[in-house]
1. Here is a list of conditions, (1) modelled with pLDDT of 90 or more; (2) more than 10 Å from chain A (Cβ to nearest Cβ), and residue B:241 meets all of them except one; can you say which number that is?
2. I'm told residue A:335 meets every condition in (1) without any contact (Cβ under 8 Å) to a residue 40 or more places away in the chain; (2) assigned to a helix (DSSP H, G or I); (3) surrounded by 16 or more Cβ atoms within 10 Å (Cβ to Cβ) except one. Can you identify the failing condition by its number?
3. Give me the residue from segment A:1-48 that is in a helix (DSSP H, G or I) and charged (D, E, K, R) and, out of that set, modelled with the lowest pLDDT.
4. Go through segment A:560-569 and give me each residue that's modelled with pLDDT of 85 or more and either among the aliphatic types (A, V, I, L, M) or surrounded by fewer than 15 Cβ atoms within 10 Å (Cβ to Cβ) (or both).
5. Scanning for something surrounded by fewer than 20 Cβ atoms within 10 Å (Cβ to Cβ), free of Cβ contacts under 8 Å to residues at least 12 places away in the same chain and not charged (D, E, K, R), does segment A:147-154 turn up at least one residue?
6. Of everything in segment B:287-321, what is in contact (Cβ under 8 Å) with a residue 60 or more places away in the chain and of a type in the set (Ser, Thr, Tyr)? Give them in sequence order.
7. Does residue A:484 qualify as being modelled with pLDDT of 85 or more, polar (S, T, N, Q), over 60 Å from the mean Cα position of the chain (by Cα) and surrounded by 13 or more Cβ atoms within 10 Å (Cβ to Cβ)?
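The values are calculated or read from the model by the stated rules, or taken from the named source; none is laboratory data. Quantities reported herein were computed from a predicted structural model and do not represent experimental measurements. In this analysis, Cβ positions are derived from the backbone assuming ideal geometry, glycine residues included, and neighbour counts consider all displayed protein chains.
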Amino acid sequence: MNRPSIQFILTVTFSLFSLIIIVIVGVLLTTQFLNSSRENVSRNAQQIINQVSYNLEDYIKTTTNLYHMLHHTIEHSDSITQNDELWKLESMLSTRSDIVSMTLVNTQGKPYMALPNVKLKETVKLNEEAWFKSAIERDGYLSISIPHVQNLYAEQFEWVVSLSKTVTFLDNGRQVEGVLLLDVNFNRIQELSERVSLGKNGYVYIIEESAGNMVFHPELELVYAGLKDENVELALRQTYGSYIDESGTEPVLISIQSISNVGWKVVGISHLSELNLSSDQFLFAFLKILVALTILLFVIAHVISSQISKPIRKLEVTMRGIERGEFNVQASGGGPLEIKNLADRYNNMLSTIRNLMERIVNEQESKRKYELDALQAQINPHFLYNTLNTVVRMISKQRNDDAITMITALSRLFRISLSRGQSIVTVAEEVEHVKNYLIIQQMRFKNKFEFEIEVEEDILQYSSLKLILQPIVENALEHGIEPSVDSGMIKISGYKTEKDMIVLSISDNGLGMSEEQVEQINKQIYSSKKGSGVGLKNVNERIKLYFGIQYGLSIQSEIEEGTTVSMMFPAQQIDRGEEQQNERKT
Amino acid sequence: MRGKRNMVFMIILVVISISLIVSAFMPTEPKLTANPEKISIAVIMRTINDDYWRYLQRGADSAARDSNAQITFYAPDFDGDIEGQLKIANSVLESFPDVIILGANADEPFSEFLVKANNYRIPIIAVDSLLTSGTTASYIGSNNFAAGQQAMDEIAQFMGEKGNLLIVNYTFGGINAKLRKTGVLEQLKLYDQIQLARTIECSSEVEHCKDTIKWVYENESIDGVVALMTNPTLASALALKETQLEQSIHIVGFDSSNALLELLQEGQMQTLFVQNPFTQGYLAVKQAVEIAGGKLIPNYTEMPMTKINSENMFWLQNQKLLFPVVN
């Protein structure tokens, strides 16, 4: 599994997180904005429609009022055919440019009067006209018709809206019941509906509720020819309000207002795309910003994370030097604080390693040197010379057995001394070595001393350094036994402590040393009066080198009583193979 | 170096994102930008002095407004002027409009014109009058042959399928009158008890024609009249109005005008076959825009004729057809 890098993790996490936040905030803001904009636009359109509607209501009211004025005048005039009556009515009508005609008929449909005073066509049966029937049906109430073609005057076929109501009037003293008809054209309605600003392509149309007939439309011809459609169902279903209609080729905003009394509705059409509110456009812009911000954030995240990961990578490259054995290359501490600290620690670690390595090298060198010294001391020509002399004397005195013992002991001594060049031997071998030494020395010193070896059997197989007992015994003989007048006793003991430590001690009952001497020796400043100076210091150093500083020699002595030198080192099973390999390396 | 390439890449990304932000804040052009190149349409009509063609022109104008087209109207002074119209047509061709809409005064004389237009790669849309002397991109109009047949059936019904028939034609009736007459004559063959008494050709002088027809009414026993165009219909009905005859003469005519409708209402004629010139003009321009944009248009768009009589002329649907809203 490939582990992701810091850069990758930081960049991705940062970008993703920011993206999520931007999207959430953006969506919230966008929907809020769109909603409130839509509301604003709806409200605006609605207000415009309401205004148009008020104007139309007003217009209808004034027209109706005019009608009622005419109605009143006719009902209260003595005779409608009188000239001044006619003149009165005519002047009322002349105030309006949209009045087409006024007609008065009786219940059979016979015309009594018409203004303008043009002859009505003969073929028309007025009592079958819709406006007539409606007035009769709704006796006493005003009927307002849907737009239709006027069928009163010869060769005149104008589109009008008819107002009609039953009326009673006097004609030559006789009371006649009939219907008063007022025909109005679209001029005013058109004016009112055209002065509307619902965007560049918006417009207003008026629809009649009962059957959905179009009362007015700026492109009425097209509507009548069936070439233009309006979503009339929606307009008919609602009485008021703004709605979005997406059924046509473009989404539009429909605003509706009903005109009371007439059963008409004013419908406003605004093109959403003009008002820049089609959500598609807006969403597209938002999307662009979203993408742009994401890219920017990605770049920032990338740059920031590389500030962190680059110095780390540089550090890592430097550290690879160790694999090639270069312990000297320092890491540069560039970049943020933590990286610098890391680099410093690393450099310290490197120098510590270097020191340790140096120490090891030095220690190895010391080990060798001391061993070599001990070995050299071993092959002391004086010792050999004296021993061989003694053997010669023994042979000349025909003490053959003694000679054999001595030569045997000598050969055993040297064999263990050399031990094929190894530094580690078993405790058994070391004890054997010192025993042979003692045997030789005892014979040479003409049994001036006795010796005892008491070593626990279970420590014999543990490892011990070579040539540690013999130098101590040599010391003891030289400084303790030999100067003493009495016969001496050297006792060598060895045991294992509970803590798995091996203790070997050499005690003699010779001269002993004063406290100052002991102190001196313990401070390891040992200056020997004779000999090669190997002795105690060498053994001590070697024990410390091999086993650790906490081990080594300790000396106890009392003047005239004797001296005991003890050495302590950990019990370790011997591993000859490893030791041989180590020998070959150094 | 990898680091440098990375930096260049990052800089490019930053530039892209900044340009995106800028573009998002700039107001987008509304989709309704006018094409820099407006489609140019030439409409060659039969004449200007006729309500029918005036309404057709209105319909065409309406469509042109909606569709972002530049439209120019041409017409000879009267609908019988074949030479004049041909001259106009040829000069219009040299101005290389995108599409030509043609209401031709005659069929054969335009065959060369059609070939030339084809060579110039200018599509011709025939309106009102069908052209067979050459190929046109489409034809919008009525099936006048079938209309003639229907007229024959109609008058036969009124005549009780027997009697004398008078056909009144119009000299400058052009292609449609010819087709209608052929239709009437074809259908006449089915009625063995109806005889064709006479065929009269009217000029544009309605008064003169009316007098001729009046003479025929009074001196020949006519039971039914089929008038093939507006003028003949008007003349036939007026003639009937002025004649006080005992026997009833039934008239079936074509086209409409306020005068004709008035006469229809008075009962001076029985049936009028009425076309819809406004819609024809509208559709012709709509198709012209489509074909100029490389889209396919139907070969033949049939405009049905509506049968109008005194009973149905004031139905709301027919009111809308017969009485144009005057703005």
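1. (1)
2. Tallying (1) without any contact (Cβ under 8 Å) to a residue 40 or more places away in the chain; (2) assigned to a helix (DSSP H, G or I); (3) surrounded by 16 or more Cβ atoms within 10 Å (Cβ to Cβ), residue A:335 fails exactly one: (2).
3. Looking only at segment A:1-48, we keep the residues that are in a helix (DSSP H, G or I), and these are A:6-48.
With charged (D, E, K, R) added as a condition, the list becomes A:38-39, A:43.
Working: A:38: 78, A:39: 83, A:43: 86.
Selected residue: A:38.
4. The answer is A:565, A:567, A:568.
5. Yes - at least one qualifying residue is present in segment A:147-154.
6. Within segment B:287-321, the subset in contact (Cβ under 8 Å) with a residue 60 or more places away in the chain is B:287-289, B:291-293, B:297-305, B:307.
Selection gives B:300, B:301.
7. Values: modelled with pLDDT of 85 or more: no; polar (S, T, N, Q): yes; over 60 Å from the mean Cα position of the chain (by Cα): yes; surrounded by 13 or more Cβ atoms within 10 Å (Cβ to Cβ): yes.
In short, no.
Conditions (1) out of contact with any helix residue (DSSP H, G or I) (no Cβ under 8 Å at 6 or more places or on another chain); (2) over 24 Å from residue B:325 (Cα atoms), marked per residue:
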site	(1), (2)
A:83	yes, yes
A:108	no, yes
A:111	no, yes
A:144	no, no
A:154	no, no
